[in-house]
Amino acid sequence: MKAIVVRAIDQKYNLEFSEVADPILRPDHCLVKIKAAALNRRDYWISVGKYPGIKDGVILGSDGCGEVMEGDPAWIGKTVLINPNINWGDNPEHQSAQYSILGTPENGTFAEYLVIPTNRLVEKPKHLSDTEAAAFPLAALTAYRAVFRKAGIQRNQKILVTGVGGGVSQFACAFALALGAEVYVTSSSDTKLTRMIEMGATGGFNYGNPEWVKEAGGKVNKFDAIIDSAGGNAINDYLRLIQPGGHIVVYGSTTGKTEGLDLFRLFWSQASIVGSTMGNDEEFTSMIAFISQHQIKPIVDSVHPFAQGIEAIQQMGTSSQFGKVVLEM
């Protein structure tokens, strides 16, 4: 079968679109014919060697939608989404020490076929096409946990979602809007801000403007929750904008470490800075139900033939996309 494979030899990393052996069906597993698979930022970082646990010869890809071909008779013929969690563990509050994500170090979805444990399968929501459905698993699960478990967002609360060009931030907006929250966003692109406002956000702020925090404070005053992927020194800006007792949920650190954290503002505001990543299996199942209930669809930036997948992954390095990038088999 065709697959996108990582080559990691002597600290040199690249990708190959090549023929690999068909996967072998195992007990308690199903064989899924992949119909569509979505890219995530981690695929790009793996391709350039900046991700832990990279193995030579592994098949990339965490997100996939496909048809069950073999395995449990109850699943054969069904179109499914694949839960990318591997070994979350028994504690719903955090992942286990053995946790990993499909697509490194385990073979992932950038292949024509995948053998996957049957308990990783969830039926595709009927309102979604295969391409749309493939956009959800990893990014949406990260957003779902941040919005529901970590931020505890409620109707009519004021929420700030940062860096709104990416998939996780856009799903966080979609979930918060479905809950009836008042959503604001940040981006370095006025075009992306405008598009999110057209899609339901109340307002947006360009963080390239040195006065954006003052602007946000004047327009909104304080936010009940802030959901962030940047980290870095922006955390101190968020502490100026968070309501007393509010939650700053951080699921990434694209701008690095925070220097000189304003501890006085943190403890005096009674605010919480909360870490979050991915989500447990129960959250994955409830997320799919929530998506179906509210008929949520993803923002898809572009769709590419599977054979052009390496070029699509490399393009992610420019951060020019708005929404998810999907490969069709």
ask   = Among 103, 309, 260, whose mean-square fluctuation peaks in a Gaussian network model of the chain (Cα, cutoff 10 Å)?
value = 260
note = Asserting the computed 222 nm helical MRE of the chain (DSSP H runs at least 4 long, -39500 (n - 2.57) per run, divided by residue count, to nearest 500) equals -7000 deg cm²/dmol
inquiry  = For the pairs 35/297; 222/297; 35/55; 150/222; 124/297; 12/55, flag any whose C-alpha to C-alpha distance is greater than 20 Å.
reply    = 222/297; 35/55
note = Residue separation between residue 149 and residue 302 times 0.36 nm, minus their alpha-carbon distance, gives in nm 52.0 nm
note = Along the dipole axis of the stretch 63-165 (charges at Cβ: +1 for Lys and Arg, -1 for Asp and Glu; origin at the Cα centre), the most positive-end residue among 161, 75, 136 is 161
message = Taking the full set of protein chains and a 1.4 angstrom probe, give the accessible area of residue 25 in square angstrom, rounded to the nearest 10.
response = 70 Å²
message = Can you divide the C-alpha Rg of the stretch 96-232 by 2.2 N^0.38 Å and report the result to two decimal places?
response = 1.21
note = Among (i) 25.5, 90; (ii) 19.8, 60; (iii) 21.7, 74, the entry matching Rg and Dmax of the Cα atoms in Å as calculated here is (ii)
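When only C-alpha pairs under 8 Å and at least 6 residues apart count, what is the relative contact order of the stretch 161-273, in percent?
Contact order relative to length: 21 percent.
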query = Per-residue HN-Hα couplings for the stretch 121-133, Karplus 6.51 cos²θ - 1.76 cosθ + 1.60 at θ = phi - 60°, whole Hz, x for Gly and Pro?
reply = 9, 9, 5, 5, x, 5, 7, 9, 6, 4, 5, 5, 4
query = At a probe size of 1.4 Å, how large is the accessible area of residue 240, to the nearest 10 Å²?
reply = 110 Å²
note = Plugging the Cβ-Cβ distance of residue 12 and residue 319 into 1/(1 + (r/R0)^6) at R0 = 30 Å yields, to the nearest 0.05, a FRET efficiency of 0.80
message = Quick check: the distance between the Cα centres of the stretch 252-329 and the stretch 168-203, to the nearest angstrom?
response = 13 Å
inquiry  = Given Cβ point charges of +1 (Lys, Arg) and -1 (Asp, Glu) and nothing else, what value in debye, to the nearest 20, does the dipole of the chain about its Cα centre take?
reply    = 740 debye
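Tell me the net charge near residue 245. Cut-off is 12 Å between Cβ atoms, residue 245 excluded, with +1 for each Lys or Arg and -1 for each Asp or Glu.
Details: positive: 222; negative: 224.
Residues near residue 245 contribute 0 overall.
Could you please state how large a percent of the accessible area of the chain is carbon and sulfur, counting protein chains only and using a 1.4 Å probe?
For the chain, the apolar C and S fraction of the accessible surface comes to 49 percent.
Pick out, in residue order, every one of the GluC sites (Glu not before Pro) in the stretch 15-114 that is DSSP loop and has at most 11 other C-beta atoms within 10 Å; say none if there are none.
Sparse-neighbourhood loop GluC sites (Glu not before Pro): 93.
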query = Counting pairs of Cα atoms in the stretch 1-94, how many percent are more than 16 Å apart?
reply = 65 percent
request  = Could you list which residues have their amide H under 5 Å from that of residue 89, counting only those 5 or more apart in sequence or on another chain, with H placed in the peptide plane?
outcome  = 96
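Which of the GluC sites (Glu not before Pro) found in the stretch 220-329 are in a DSSP loop and have at most 11 neighbouring Cβ atoms, other than their own, within 10 Å?
Details: sites: 259, 282, 283, 311, 328; in loops: 259.
Passing both the DSSP loop test and the Cβ count: 259.
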ask   = What accessible area per residue comes out for the stretch 269-329, rounded to a whole number of Å², with a 1.4 Å probe?
value = 45 Å²
remark   = Kirkwood Rh over alpha-carbon pairs of the stretch 1-53 plugged into Stokes-Einstein at 4 °C, 1.567 mPa s gives a D in µm²/s of 98 µm²/s
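Mean Kyte-Doolittle of at least -0.5 plus a Cα span of 15 Å or more along the axis: flag which DSSP H helices in the chain meet both, please. Provide the component values of the computation, followed by the final result.
Details: long enough: 167-178 (16 Å, 1.55); 281-294 (20 Å, -0.09).
The qualifying helices are 167-178, 281-294.
The values are calculated or read from the model by the stated rules, or taken from the named source; none is laboratory data. Bear in mind the structure is a predicted one, so any value in this text is a computation, not a measurement. Note that we place each Cβ from the backbone using ideal geometry, even for glycine, and neighbour counts take in every protein chain shown. For accessibility, only protein heavy atoms count, side chains too; no ligands or nucleic acids. Shrake-Rupley method; radii C 1.70, N 1.55, O 1.52, S 1.80 Å.
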